Amino acid sequence: MESPTNLRGDPTTGQFSFEARPDLCVPDMFLFGGATASAVSEAIEATANQPLAWVTTQFQQRIQPGATVHLHVARDVERRRLTQCRVEGIVEGETVFRALGATAARESAATIWGPPMPDVPAPADSPPLNFREGWMESGFPSRFEWRTASGRLFADSQQAKNQDGRACVWVRWPGHELGSAPSQAYLSDLGMTTSDSASEGEGRGGVSLDNTLRIVSTQPTEWLLLECALRADTGLAHVEISIWSESGDLMGLHTTTALNVRT
């Protein structure tokens with residue numbers, strides 16, 4: 001699958017980089033956290049030469065559009081089936097994020113417990129996500145097609161709050177397949193905006209402080225369903241996201257801590 005961030009580098013040295021292009025950024029603001037997490041996931045997989053199993057990224061500074069982001073990947077632990085990696089992100093000599101991740105060979109198909117995918121309309125039967133005026137024309141939203149399956153995300157939360165803190169959104173990347181670990185990392189960071197639409201309802205979104213992704217499957221799919229749930233809000237919002245394929249298979253589990261943007 002194509003690199004969502006156009007990441008370049010040398011897996012033998014663990015040195016990678018990508019440019020914070022405007023189409024990877026929150027419109028007219030800063031690099032989308034999901035783009036950073038996606039690059040981290042891709043760099044870890046390339047360095048370890050194994051499928052990603054788990055990754056957590058801690059954001060320390062905002063990255064401005066146009067910046068060149070360097071990733072340094074170190075393999076800390078290597079076992080027969082498992083490699084644990086450490087990643088440092090640097091812009092102009094300053095550390096802007098840190099990440100830990102693990103890769104592992106998958107030896108069997110996934111066994112899933114818990115509820116199945118929510119009973120929501122198919123993408124073709126779901127209305128387009130009502131982004132705030134101007135948001136679809138620039139930044140990372142413009143690369144994808146979004147459809148509201150249930151509830152509201154930040155983009156249309158000006159109309160009403162999510163009383164139960166839950167929302168589901170379909171997303172696809174026209175002309176590309178989704179499902180890879182980097183694509184899941186990229187898109188699941190959108191879930192933090194559920195916190196804003198539940199607690200504030202003013203459509204301002206939020207700023208991710210961290211995100212953690214656990215990969216269940218990387219089967220190709222045209223659409224991903226992000227099942228987002230605000231679990232607690234103490235001024236910091238804690239959000240859980242289940243990632244589903246169009247066929248109803250669980251792809252990944254994601255958690256985010258976000259700082260609500262209220263001013």
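The values are calculated or read from the model by the stated rules, or taken from the named source; none is laboratory data. In this text, all values refer to a predicted model and were calculated from it rather than measured experimentally. A quick note on method: Cβ atoms are made from the backbone with ideal geometry, for glycine too, and the neighbour counts reach across all protein chains shown.
The set of residues in region 143-170 being at pLDDT 60 or above and more than 30 Å from residue 3 (Cβ to Cβ) consists of 150, 151, 152, 161, 162, 163, 164, 165, 166.
Filtered by the rule that a residue be of a type in the set (A, V, I, L, M, F, W, C) and buried (at least 24 other Cβ atoms within 10 Å of the Cβ), region 35-51 gives 35, 37, 39, 40, 43, 44. Among the residues of region 83-104, those that are more than 20 Å from residue 254 (Cβ to Cβ), free of Cβ contacts under 8 Å to residues at least 24 places away in the same chain and assigned to a strand (DSSP E or B) comprise 86, 88, 90. Residues in region 64-81 that are at pLDDT 95 or above, surrounded by fewer than 14 Cβ atoms within 10 Å (Cβ to Cβ), in contact with a helix residue (DSSP H, G or I) (Cβ under 9 Å, 6 or more places away or on another chain) and assigned to a strand (DSSP E or B): 74 only. As a summary of the residue check, residue 134 satisfies the conditions (1) at positive phi; (2) at pLDDT 75 or above except for the one numbered (2).
Applying the condition of being modelled with pLDDT under 90 and in a loop (DSSP other than H, G, I, E, B) to region 192-251 and asking which residue is surrounded by the most Cβ atoms within 10 Å (Cβ to Cβ) yields 205. Of all the numbered requirements in (1) in contact with a Lys or Arg (Cβ under 9 Å, 6 or more places away or on another chain); (2) surrounded by fewer than 22 Cβ atoms within 10 Å (Cβ to Cβ); (3) not in a helix (DSSP H, G or I), residue 23 misses one, and that requirement is (3).
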